[in-house]
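J.: Here you go, one structure.
The values are calculated or read from the model by the stated rules, or taken from the named source; none is laboratory data. Model, not experiment: these values are computed from the prediction. Cβ placement follows ideal geometry from the backbone for every residue including glycine, while neighbour counts extend to all protein chains displayed. For the accessible areas, the whole protein counts, side chains as well, though only heavy atoms, and no ligand, DNA or RNA atoms are used. Shrake-Rupley method; radii C 1.70, N 1.55, O 1.52, S 1.80 Å.
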Amino acid sequence: MTSELDIFVGNTTLIDEDVYRLWLDGYSVSDAVSLRVRSGILEQTGATAAVLQSDTMDHYRTFHMLERLLHAPPKLLHQLIFQIPPSRQALLIERYYAFDEAFVREVLGKKLSKGTKKDLDDISTKTGITLKSCRRQFDNFKRVFKVVEEMRGSLVDNIQQHFLLSDRLARDYAAIVFFANNRFETGKKKLQYLSLGDFAFCAELMIQNWTLGAVGEAPTDPDSQVDDMDVDLDKEFLQDLKELKMLVADKDLLDLHKSLVCTALRGKLGVFSEMEANFKNLSRGLVNVAAKLTHNKDVRDLFVDLVEKFVEPCRSDHWPLNDVRLFLNQYSASVHSLDGFRHQALWDRYMGTLRGCLLRLYHD
Amino acid sequence: MPGKLKVKIVAGRHLPVMDRASDLTDAFVEVKFGNTTFKTDVYLKSLNPQWNSEWFKFEVDDEDLQDEPLQITVLDHDTYSANDAIGKVYIDIDPLLYSEAATVISGWFPIYDTIHGIRGEINVVVKVDLFNDLNRFRQSSCGVKFFCTTSIPKCYRAIIIHGFVEELVVNEDPEYQWIDRIRTPRASNEARQRLISLMSGELQRKIGLKVLEMRGNAVVGYLQCFDLEGESGLVVRAIGTACTLDKLSSPAAFLPACNSPSKEMKESPLVHPPSHGCRSTHNSPIHTATGSRLTQNFSVSVPTLIYTGMGSGSAGKEGGPFKALLRQQTQSALEQRGGSPHRFCRRREFPFFTLTAFPPGFLVHVGGVVSARSVKLLDRIHNPDEPETRDAWWAEIRQEIKSHAKALGCHAVVGYSESTSICEEVCILSASGTAAVLNPRFLQDGSVEGCLEQRLEENLPVGCGFCHIPYDELNMPFPAHLTYCYNCRKQKVPDVLFTTIDLPTDATVIGKGCLIQARLCRLKKKAQAEANATAISNLLPFMEYEVHTQLMNKLKLKGMNALFGLRIQITVGENMLMGLASATGVYLAALPTPGGIQIAGKTPNDGSYEQHISHMQKKINDTIAKNKELYEINPPEISEEIIGSPIPEPRQRSRLLRSQSESSDEVTELDLSHGKKDAFVLEIDDTDAMEDVHSLLTDVPPPSGFYSCNTEIMPGINNWTSEIQMFTSVRVIRLSSLNLTNQALNKNFNDLCENLLKSLYFKLRSMIPCCLCHVNFTVSLPEDELIQVTVTAVAITFDKNQALQTTKTHVEKSLQRASTDNEELLQFPLELCSDSLPSHPFPPAKEHLESASSNSGIPAAQRATSVDYSSFADRCSNWIELIKLKAQTIRRGSIKTTVTVEKASPMGEGNFRNRSAPPCANSTVGVVKMTPLSFIPGAKITKYLGIINMFFIRETTSLREEGGVSGFLHAFIAEVFAMVRAHVAALGGNAVVSYIMKQCVFMENPNKNQAQCLINVSGDAVVFVRESELEVVSAQQPTANCQPSCTGGEVTT
């Protein structure tokens, strides 16, 4: 006796969260069954392995049918085939688009192309995440990227609108899209200590301040926001950043800046002497990063540079985070008192964001 | 009454990509009714076309309106080659033809293609203007209402129940026409779908005419079936009960009529409950029935079934005295009909009723189950306009049923149904029902009210009247063991009662009920034509006998004494016959306590054998005791002397107040004492019998928290909560073809059913405590070694604490000498106090919440589930709402869609009125509930919008790609549900009640990577309002605590 066909269709589609998770995690039916057996479900319910097998198959089939709709979540809401309560729809979508931190750190900032997709095998081995799950996550990134890439308006809003994700997840996706688009290097060894959260935080600041959308010249009329693009950095702004170079190139300016900062911070900083000794190096590092951003290559290395030029030196001198904060505040504020420096607005746009990023990046 | 049909094509969405180059589609729509076709403009390059067409108007007479479906075809325009069809929508416009139902059909319909399934959706608006004319010779029957529900629909009152209406129409099956060889599968499928749609329309119209002739205005319990006879044609037949219904207009008028809104579903206290015994006959064109009593190899003290046409196993004795009796009665029955020369005179020819629940006072006594089967050889239907053969076949069977009923001293048959099983050219026709005595006044014109009241008075011993035997004690149609009614002590009752109807609301039941199934397979040699038919008709009696035995054994094992909703299905295949009987067992207080089962060995001298027997006996006794505990069957004990004496002493308290732990011992004692009296002895004389006993014990009870029944509601559970989940589950197993024996076959089949049930319990575990209601098993044998079982049922949650309490009070009330356990007596008042205090302030609040949630598009049922989902889910839904809101404000296009969505699903009037606010514009797809029951727990049906009767074919030539057979059928059934829901929503409804999947014919050819499936479903589209919402509207309404029908008895006492 073999079962040829075995199905269960409810008027309200049954969704088993546990099985959904197993499916998302890329387990095969038989693996999922044995994992469920191990969870002790048979003892709890008095069911047999055959029942579990049939149940798992059924759910997998349902998820397979739903997957097509999950690729365009608004479709899931409007489709008529599966009657699913809104709360469950939301859960399906949210979980489908959720990702593993370990995986995302591997692909963050990489081009979402076929080439990367080929590397998924290695990533799977490295992270212990099943290849199937890696593929789903990768395809999710790519799909979201494709949809919002050319879109005007707020990146997060666009993602939320088209994929109906929670605010939190939409923000993460915004970061992933932003990083993929700008190809920021995140995989270097010295960047390994950084989490997705750190990068996402920086991405959000950069989107808010450094992209075309950030200029927000005509927010009242949505049709005129021709250039309101959240995914691309504002090229003009990057070009202008070269102007900041005088802060370190002009020796007087640099000295003045240093003395302003030191005067203000004397007695307030635990690492004052270290700061004083390192000021010029740090300042040069930060300004040079800005000046280099004209080149795409250097844009990609932004985080590497920040860590190398600022985070690491400070860390080696054991700056407490609070001292870093005080220093950065003073460092950026003091520029306003430099009479010979005309690019105050540009400096603020640059340093405001950078300060936030550095503070976030500064940890062990 | 000619009319004008108006159709507007609004928009499409989610269309498939038809042009690979542009990834878009140039769609247009053809609207066809009868022979007239209109077209919309082509909407270029869009997957979401906005046609916004003019109103297409068809001027047609109402005969066509009834017969023809509106056919909408969506196509992709192609300049150079033929236009490609995307898919079709068939809309049955019948609901628009009677005033009280829907006034407009408007909404999103899935575009369906028989090869690709659902391919996007189309928004359509349909209206009908009818002109009155007084043509007397009209062929149409517009205005006659149809209901699938097998009881008087909730918001109506029966003035007169006229009786049986039947009709059948035949045609050639397009699949077997010569042209099928040259046309595409799609064309062939569509021809079939269209034809069946047309035939159903015609059938309904013809039945309607008969109803009008009888001066009725409605058909209740309408059951329409297809017989796919293959080469010989396609038969569409229907039966129903003609009634004159009166709409209960205002809710105020309605409410008193049914005691509480929640129990409206069965406002009839007087349904007849039990019938006992089983009679059935067989005949076939080639096999003359010879009557002979089956010799029984056990002594059965209960009314046994009587078979005519049965050669008994031990001897082919020619008919005994009983046969003579039967003949006589049949004859007299015929004579009594006043020698009406017409054999086929329609009216009152057959006093049959397809209803399973009845208005109060309608049912007086119940005799027992009557059934008849007949094996026929199919031949080509030569003249479709005169389907005499098929008519004659059914007439024969009905005649037989009628005479069986007469033999039971009954003049009517209720809970009547007909079915067929076809394999190649052999066809088994079956009919069954419950013989009953009805209140004649109900069947004639006259004041119902008066008769009602009278009836109620007459039947004062409520809850047992129906159990009293209708036949003459001295001239019993079969040997039965009669006792005085345990309730009123005045009338005789049988010791076991079998019926096909639902449990009457006023029946006094002890404990809970349970699903009882008898399953059986018999191998049969492959044969052709007559030899085959003979072989089948020879096997049938044995099967029925065994099915009956199994039912009886299982019933006793459960410690119960009556079966309701009995449905025996015999399926014929190439090389086997399958029998599946399902029923709901209960313990009726009016009937005697069932005796135990005793096992007797054939070789009493063998010591080890003896031991084995006694071991088995012990197991059986244990099981009975366990079951009694499980189903809470603890009837008041009645000492031996009292039995037979008309007025019993009230039970002695002392014996009743025993603790739980002792009770099981008590039970065994009881059994033994009964054992003396009416032992039910199973003789184990061969391995077969051994198997039987084993299989008795292998049936596993459902896990705790689960109950199941195949009737509308579960006896003993009264307080349903609102969460329901209707489902269909299909399983096909392949038998290993080698050395199949009956035993192996039985085991396979048994395992199949048991495993299926186990899977259901597992899948629905999150709903515990819950009850599977209306569990409907269908068996078919699609191929030699394949067995297909299809189950449709609904799981309903209930409140456990309340359930206990109501059962108790129920029992206590109806049996004055109710026995409650000592402990329970102590516990209960406590629980009651602690429960009732908080439960008063809370329910309203909860209900408000519920109503609020359903206004926002979240159905209450889902609400309830979401509790389990943790707050995460709630947050999710909030985002979605939020995002949708945002989306609407941001995107202009979306505003347009919103408008159409709103327009598309106008809520029924009732709904509109009762809702404080229209559904939120951003609610996505309205929830449509589906249930095989005639009611929705915790809600009140305010309007019937018309019958849903849909037939779909799905075919694939890429089976593997669609996930194999399971993937294919899973998707198809999901699509069928979706189409039913869409039609209901378009009618303005929010639920389908009395939903039934009448056919699910699945054929596969894995070698060719092909499969085909035909599904036929029906039900009643309704508008329901949550009781909580109702309360807001009418404050004077009594609090609606979710106690469905069962409590009817309480109210009447």
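J.: Within region A:245-258, track down each residue that is in contact (Cβ under 8 Å) with a residue 60 or more places away in the chain, more than 34 Å from the chain's Cα centre (by Cα) and over 18 Å from A:LEU328 (Cα atoms).
T.: Within region A:245-258, A:ASP250, A:ASP252 meet the criteria.
J.: Moving on to the next point. Got a number for residues in region A:22-33 being touching a helix residue (DSSP H, G or I) at 6+ places or on another chain (Cβ under 7 Å) and either among the charged types (D, E, K, R) or within 11 Å of chain B (Cβ to nearest Cβ) (or both)?
T.: Going residue by residue through region A:22-33, those that are touching a helix residue (DSSP H, G or I) at 6+ places or on another chain (Cβ under 7 Å) are A:22-27, A:29, A:32-33.
Keeping just the survivors that are either among the charged types (D, E, K, R) or within 11 Å of chain B (Cβ to nearest Cβ) (or both) gives A:25.
Qualifying residue count, region A:22-33: 1.
J.: Also: Exactly one condition in (1) crowded, with 24+ Cβ neighbours inside 10 Å; (2) outside any loop (DSSP other than H, G, I, E, B) is false for B:THR534; which is it?
T.: The single condition B:THR534 does not satisfy is (1).
J.: Let me ask something else. Run down A:ASP6, A:ASP31, A:ASP25, A:ASP16 and say which single residue is under 14 Å from B:PHE762 (Cα atoms) and charged (D, E, K, R).
T.: Numbers: A:ASP6 fails: under 14 Å from B:PHE762 (Cα atoms); A:ASP31 fails: under 14 Å from B:PHE762 (Cα atoms); A:ASP25 fails: under 14 Å from B:PHE762 (Cα atoms).
Going through A:ASP6, A:ASP31, A:ASP25, A:ASP16 in turn, the sole match is A:ASP16.
J.: Can you find a residue in region A:304-321 that is outside any helix (DSSP H, G or I), touching a residue at least 60 places away in the same chain (Cβ under 8 Å) and within 30 Å of A:ASN181 (Cβ to Cβ)? Spell out how you get there, then give the answer.
T.: To start, the set of residues in region A:304-321 that are outside any helix (DSSP H, G or I) comprises A:317-320.
Right, trim to touching a residue at least 60 places away in the same chain (Cβ under 8 Å) and you get none.
Taking every residue of region A:304-321 in turn, none turns out to be outside any helix (DSSP H, G or I), touching a residue at least 60 places away in the same chain (Cβ under 8 Å) and within 30 Å of A:ASN181 (Cβ to Cβ).
J.: Condition first: of a type in the set (A, V, I, L, M) and closer than 21 Å to B:LYS940 by Cα. Now tell me which residues in region B:1007-1028 satisfy that. Please lay out each step first, then the result.
T.: Initial filter on region B:1007-1028 (of a type in the set (A, V, I, L, M)): B:1011, B:1014-1015, B:1017, B:1021-1023, B:1025.
Listed by number, the residues that qualify are B:ALA1021, B:VAL1022, B:VAL1023, B:VAL1025.
J.: Follow-up question, since we're still on this one. Just to be sure, is A:ALA264 closer than 29 Å to A:ILE123 by Cα, small (Gly, Ala, Ser) and modelled with pLDDT of 85 or more?
T.: no
J.: Do you know which residues across region A:50-65 are touching a residue at least 12 places away in the same chain (Cβ under 8 Å), open to solvent by 10 Å² or more (accessible area, probe 1.4 Å) and more than 19 Å from A:THR12 (Cβ to Cβ)?
T.: Of everything in region A:50-65, those that are touching a residue at least 12 places away in the same chain (Cβ under 8 Å), open to solvent by 10 Å² or more (accessible area, probe 1.4 Å) and more than 19 Å from A:THR12 (Cβ to Cβ) turn out to be A:GLN53, A:SER54, A:MET57.
For every residue, the table says whether it meets (1) in a loop (DSSP other than H, G, I, E, B); (2) open to solvent by 60 Å² or more (accessible area, probe 1.4 Å); (3) not charged (D, E, K, R).
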{"position": "B:LYS4", "(1), (2), (3)": "no, no, no"}
{"position": "B:LYS8", "(1), (2), (3)": "no, no, no"}
{"position": "B:VAL17", "(1), (2), (3)": "yes, no, yes"}
{"position": "B:SER22", "(1), (2), (3)": "yes, no, yes"}
{"position": "B:ASP41", "(1), (2), (3)": "yes, yes, no"}
{"position": "B:LEU47", "(1), (2), (3)": "yes, no, yes"}
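J.: Restricting the search to region A:310-345, which residues are closer than 15 Å to A:ASN281 by Cβ and surrounded by fewer than 18 Cβ atoms within 10 Å (Cβ to Cβ)?
T.: A:GLU312, A:PRO313, A:ARG315, A:SER316, A:ASP317
J.: Across region B:954-982, which residue is farthest from B:VAL1023 (Cα to Cα) among those that are crowded, with 24+ Cβ neighbours inside 10 Å and away from chain A (no Cβ under 11 Å)?
T.: Filtering region B:954-982 for residues that are crowded, with 24+ Cβ neighbours inside 10 Å and away from chain A (no Cβ under 11 Å), the one farthest from B:VAL1023 (Cα to Cα) comes out as B:THR956.
J.: Sort through A:LEU52, A:LEU80 and tell me the only one that's within 9 Å of chain B (Cβ to nearest Cβ), touching a strand residue (DSSP E or B) at 6+ places or on another chain (Cβ under 6 Å) and of a type in the set (A, V, I, L, M, F, W, C).
T.: When all the criteria are applied, what remains is A:LEU80.
J.: Output the residues belonging to region B:719-752 that are facing another protein chain (nearest Cβ under 10 Å) and assigned to a loop (DSSP other than H, G, I, E, B).
T.: Scanning region B:719-752 gives B:LEU735, B:SER736.
J.: Just checking, which of A:SER259, A:SER273 is surrounded by fewer than 19 Cβ atoms within 10 Å (Cβ to Cβ), within 16 Å of A:SER316 (Cβ to Cβ) and of a type in the set (Ser, Thr, Tyr)?
T.: A:SER273
J.: Within region B:777-786, track down each residue that is open to solvent by less than 30 Å² (accessible area, probe 1.4 Å) and part of a strand (DSSP E or B).
T.: Hits for region B:777-786 are B:PHE777, B:VAL779, B:LEU786.
J.: In region B:401-436, what count of residues is obtained for those that are open to solvent by 30 Å² or more (accessible area, probe 1.4 Å) and either more than 24 Å from B:MET578 (Cβ to Cβ) or over 20 Å from the mean Cα position of the chain (by Cα) (or both)? So that I can check it myself, show each step before the final result.
T.: Of region B:401-436, the ones open to solvent by 30 Å² or more (accessible area, probe 1.4 Å) are B:406, B:409, B:411, B:417, B:419-420, B:422, B:424-425.
Then drop every residue that is not either more than 24 Å from B:MET578 (Cβ to Cβ) or over 20 Å from the mean Cα position of the chain (by Cα) (or both), which leaves B:406, B:409, B:411, B:422, B:424-425.
So the answer is 6.
J.: Which residues, counting only those in region B:753-772, are under 24 Å from B:THR571 (Cβ atoms) and part of a strand (DSSP E or B)?
T.: Result: B:LEU772, single match.
J.: For A:ARG36, are the conditions met, namely being open to solvent by 40 Å² or more (accessible area, probe 1.4 Å) and more than 10 Å from chain B (Cβ to nearest Cβ)?
T.: no
J.: I'm checking my understanding of the structure. Among residues of region A:106-116 that are in contact (Cβ under 8 Å) with a residue 24 or more places away in the chain and part of a helix (DSSP H, G or I), which one is surrounded by the fewest Cβ atoms within 10 Å (Cβ to Cβ)? Walk me through how you get there before you give the answer.
T.: At the first step, the residues of region A:106-116 found to be in contact (Cβ under 8 Å) with a residue 24 or more places away in the chain are A:106-112.
Then drop every residue that is not part of a helix (DSSP H, G or I), which leaves A:106-107.
Working: A:GLU106: 23, A:VAL107: 25.
It comes out as A:GLU106.
J.: Specify which of the listed residues (A:ALA170, A:ALA90, A:ALA98) is touching a helix residue (DSSP H, G or I) at 6+ places or on another chain (Cβ under 6 Å), of a type outside the set (Asp, Glu), over 21 Å from A:THR211 (Cβ atoms) and within 14 Å of chain B (Cβ to nearest Cβ).
T.: After ruling out the rest, the residue left standing is A:ALA90.
J.: Of the residues A:LYS242, A:LYS292, which is in contact (Cβ under 8 Å) with a residue 24 or more places away in the chain and of a type in the set (D, E, K, R)? Don't jump to the end; show me each part of the working.
T.: On the way: A:LYS292 fails: in contact (Cβ under 8 Å) with a residue 24 or more places away in the chain.
Just one listed residue meets the conditions, A:LYS242.
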